[in-house]
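J.: Here it is, the structure in full.
Please treat every number below as a calculation from the coordinates, not as lab data. Everything numeric in this text was worked out from a predicted model, so none of it was measured. Glycine gets a Cβ as well: all are built from the backbone with ideal geometry, and neighbour counts include every protein chain shown.
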Amino acid sequence: MREREIINEIMRKRNFTYATLSDKCGYSTASGISNKLSRPNSMRLDTFLKMLNALDCELVIRSKLTDKSEWKTPAEEN
């Protein structure tokens, strides 16, 4: 699953519009979100994390090794 698919799925489940997410991310128009989610290439990691934070989500990285260590993204400071 690509970044934009993850964001779109969370938006759908949370009933977010581009305008809602745009506002929470600090963009002046919904087109800022629309453009980022419609590009064929991968989005920048900082953009992905900003959107996840605005959707009240976090990114968790889990080791495949037997220890199953986890690292989480810090909450973004506003």
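J.: Does any residue of region 69-76 turn out to be of a type in the set (Phe, Trp, Tyr), outside any loop (DSSP other than H, G, I, E, B) and touching a strand residue (DSSP E or B) at 6+ places or on another chain (Cβ under 9 Å)?
T.: Looking through region 69-76, at least one residue is of a type in the set (Phe, Trp, Tyr), outside any loop (DSSP other than H, G, I, E, B) and touching a strand residue (DSSP E or B) at 6+ places or on another chain (Cβ under 9 Å).
J.: How about region 38-55: which of its residues are surrounded by 17 or more Cβ atoms within 10 Å (Cβ to Cβ) and within 16 Å of residue 12 (Cβ to Cβ)?
T.: Correct list: 51, 52, 54, 55.
J.: Take residue 28 and tell me if it is buried (at least 17 other Cβ atoms within 10 Å of the Cβ) and farther than 17 Å from residue 58 by Cα.
T.: no
J.: Using beta carbons and a limit of 7 Å, which pairs, at least six apart or on different chains, have the first residue in region 64-75 and β-branched (Val, Ile, Thr) and the second one surrounded by 10 or more Cβ atoms within 10 Å (Cβ to Cβ) and not in a loop (DSSP other than H, G, I, E, B)?
T.: 73/49
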